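Take a look at the structure below.
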Amino acid sequence: MASYAKPLARQKHAEEHEEDPRQHLMHDPLPRGQMNAMVMESMRETGPIFWIITAVLAAFVVFALGYEWYVLIMQGQGVAGVTRPDYWGVFLVNTVFWIGISHAGTFISAILRVLKVESRRPFTRAAELMTTFGLVQAGLSIFMHLGRVWLTYWMFPIPNQRTIWPDFHSPLMWDLMAITTYLLCSTMYLFLPLIPDLAMARDRTQGGWLKVFYKTLALGFRGTEGEWKNLTTAMNIFAFAIIPVMFSVHTIVSWDFAMATRPGWNSTVFGPYFVIGALHSGMAAVAIVLFLLRSTMKHYKYFIRPEHFNTIGMLMLLVSMAWAYFYFNDYIVPWYGGDIWDKLFQEYAEEGPKWYLWYTMLICNIAVPWLILWNRKWRETPWLLALAGILINVGMYLERYIIIPVGVTINRMPFTWRQYEPRIEIPMTVGTFAFFLLLYMLASRLIPLIPVWEVQEGQEAHLIRKIGKAEISTLSEME
Amino acid sequence: MSEPITLLAMFEDIEPASEGVEKLQQMGVTDDDMNVISGIPVKNTILGRPAAITYVSRIGMFGAILGMFLGIFLIYGIPYLYPLLVGGQPIYPIPQGIIITFEMTMLGLMGFSFIGLFVDSGFPSYTPQKYTPEISDGKVALLFSCPVNEQEKFIDALKNAGAVTVAPVEARHL
């Protein structure tokens, strides 16, 4: 009796999809000493273009965050575009945007560590740095918004000169507590896995201020059993504990708006919608940073490979879908509910003078990722993923702009409606981007951005095993 | 009985290092008298060593409790010192209490875990230590003590187990 088998795929097609596991970083190990040398070399070999860009950024930061802020303080918030009813302008947009960017570090590092996603290993630090530097920009932006920054201590839990204590009934105080907790904890979380790499840098640096720098920060780490046990225990605690803190931070940021009974803001879905939005912009920012690191840092093509862009791309697509789901939830309920003020807000966003922001937001946040990221080959193309990342961040920035200054324009007193136009906010906003880049560039010369010990640990744990006719990647539990 | 001497045996990999540990155990070196130093964390069972004890999680838990009480003080102690009625809400609200107490508990947990790492590992330590930079380049070191007059016996045994070098080591500045 003849057997009948339906062909599953054309031979050529099947060969095209056959993947050699050795092209993955975990199956392409180099001696640890060589990887150390590559990372150290990438930090030390700096051309003049790097320093020219650094100097230009530094000069702009001094202008935007020094001189312009001085003008803002001396002349008051009048030099900004804020006035009745738009007292919440671009400075708050920046705050929410940068906090969103900061979520990527924790998400990539903590959640992928908890879930034991192996492809996270080479880029966790690059993402963690974004958290710390993003929060610095968020902190600066909120101080710009405060105006009289020297009265910040009124929010500390001490009585001020008028014997008034801070009021913890207010969402703004919850925000202070949550962002402070997040900044402190994410900075500690950045430092913990850095200790062994600082010790490596200490061992490979001869004299000079850099030796003192590494020696001081490495804390005398040698790699004894007790030190590793303590370090991995602390890292595990942080990985699990920082996830709910991350969720709480952006939920509380959303409550700054949702607790007010304003049209467009008073939504029960705002918490998770903001968290997903933060992850959307944060993941996209990681794609941009990985592209820049791979393109500019020597030897990084060995560590950051198309497989890593694929991982990030899949996460971006998933998060984009989740964002679309939450946005639709947030949109349809007031649209269907028929409240006049909610309707007015939606009409103003879609058909008002800033209608193009609303459409650009939807295109960048939904159409762009869905059109680009479904294809693996495109996800593995670094420049394309970085381009998608830039467009998503444009979309997410516009989303915050629509929520905050466009949102406060439409209130229940139509005689106060006024179009908000940012003024001094524009150079200061560019200043925060320049400062973020500057900090990142300086950090790239001082600390190993690749966690070499984590890469080696992963490579030790991976093996290629032959099962039947195929070579399969296997993973052992090493710690 | 002769004076003890500290030797440092260097291995290329984890496998021979675990052989070395076994050899030392057979030769009567107690677990307290040896230490494995490596560039990556290695499970104690792979090395055939007892699990290292850590107090980091306990210190972290203590911090979490401390943080929780700080949070309770902030949300309920401050209105006691300066009562402020806001929007018809109670002076001692439970929902806001959950938020502030949660944040402070997590800050306490992570802050004290971080401090716990320092306390339990003796960080920072800038005094001279027995170490060689080859460890951070991927070699695995076995640091142990043995009587001076028996050191040749130990060196031979470890070389047979796969050690690249076995030599007396002195503390030096890192």
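Values quoted throughout were computed directly from the atomic coordinates according to the rules given, and no laboratory measurement underlies them. The shown structure was predicted, so the numbers you read here are calculated from the model rather than taken from an experiment. Ideal geometry is used to build each Cβ from the backbone, glycine not excepted, and the neighbour counts take in all protein chains shown.
What's the angle, to the nearest 10 degrees (0 to 90), between helix A:124-146's Cα axis and the longest principal axis of chain A? Relative to chain A, helix A:124-146 is tipped by roughly 10 degrees.
Per DSSP H run of n ≥ 4, the term is -39500 (n - 2.57); total these for chain A, divide by its residue number, and report the mean residue ellipticity at 222 nm rounded to 500 deg cm²/dmol.
When only DSSP H runs of four or more count, the value is -20500 deg cm²/dmol.
Using the Kirkwood formula over every pair of different C-alpha atoms, what hydrodynamic radius in Å results for segment B:56-121? The answer is 12.6 Å. Checked against a 32 Å cut-off, the cross-linked pairs A:Lys116/A:Lys377; B:Lys130/B:Lys153; A:Lys354/A:Lys377; A:Lys229/B:Lys159 give Cα-Cα distances beyond that limit for A:Lys354/A:Lys377. Summing charges over all other residues whose Cβ lies under 14 Å from the Cβ of A:Ile142, with Lys and Arg as +1 and Asp and Glu as -1, gives -1. Tilt of helix A:48-61 relative to the longest C-alpha principal axis of chain A, in degrees (0 to 90, nearest 10)? Long axis of A:48-61 versus the principal axis of chain A: about 20 degrees. Averaged over the residues of A:172-179, the number of partner chain Cβ atoms lying within 10 Å of the residue Cβ comes to 4. For the peptide B:132-142, the mean number of other protein chain Cβ atoms found within 10 angstrom of a residue's Cβ is 6. Annotation: amide H of B:Ser125 within the under-5 Å range of A:Gly220, sequence separation 5 or more or interchain, hydrogens built in the peptide plane.
Ordered by the number of other Cβ atoms lying within 10 Å of each residue's own Cβ, fewest first, B:Glu134, A:Glu227 fall into the sequence B:Glu134, A:Glu227.
The stretch between A:Trp209 and A:Arg22, if pulled fully straight at 0.36 nm per residue, gains 63.3 nm over its current Cα-Cα span.
Membrane-span-like helices of chain B, defined as complete DSSP H segments with a Cα extent of 27 Å or more along the helix axis and a mean Kyte hydropathy of at least 0.0, are identified as B:94-121. Summarising the amide proton neighbourhood of B:Ile5: residues at separation of 5 or more, or on other chains, whose placed amide H is nearer than 5 Å comprise B:Cys146, B:Val148.
Once the C-beta distance of A:Trp417 and A:Lys343 is scaled by a Förster radius of 22 Å, the resulting FRET efficiency is 0.90 to the nearest 0.05.
How about B:Lys23: which aspartates and glutamates have a C-alpha closer than 20 Å to its C-alpha, ignoring those fewer than 8 places off in the same chain? Cα-Cα hits under 20 Å: A:Glu225, B:Glu12, B:Asp13, B:Glu15, B:Asp31, B:Asp32, B:Asp33, B:Glu150, B:Glu152, B:Asp156. Largest first and in whole Å, what are the equivalent-ellipsoid semi-axes of chain B based on the Cα gyration tensor, each being the root of 5 times an eigenvalue? Taking √(5λ) for each Cα gyration eigenvalue gives 53, 15, 13 Å. Counting Lys and Arg as +1 and Asp and Glu as -1 over every other residue whose Cβ lies under 12 Å from the Cβ of B:Gly122, the net charge comes to -1.
Under 19 Å from a label point 7 Å along Cα→Cβ of A:Arg376: give me every residue in segment A:23-41 with its amide N that close. Only A:23-28 fall inside the zone, counting backbone N under 19 Å.
Segment A:280-329 and segment A:145-179 have their alpha-carbon centroids 36 Å apart.
A:Pro353 sits among other residues whose Cβ lies under 14 Å from its own Cβ, and their net charge, with Lys and Arg +1 and Asp and Glu -1, is -3.
As a proxy for reagent exposure, A:Leu135, A:Leu72 were ordered by neighbouring Cβ count within 10 angstrom, fewest first; the result is A:Leu72, A:Leu135.
Taking the C-alpha atoms only, the angle from helix A:32-44 to the longest principal axis of chain A is near 40 degrees. Each residue of segment A:80-96 was assigned a 3J(HN,Hα) from its phi angle through the Karplus curve 6.51 cos²θ - 1.76 cosθ + 1.60 (θ = phi - 60°); the sequence is 8, x, 6, 6, 4, x, 8, 7, 9, x, 5, 4, 6, 4, 4, 4, 5 Hz, with glycine and proline shown as x. What is segment B:72-174 by shape, rounded, prolate or oblate, if you read a ≥ b ≥ c off the alpha carbon gyration tensor as root eigenvalues and call it rounded for a/c under 1.5, prolate for a/b larger than b/c, and oblate otherwise? Prolate, because a/c is 1.5 or more and a/b exceeds b/c. Just so you know, the Cα atoms of chain A work out to an Rg and Dmax of 24.6, 98 Å.
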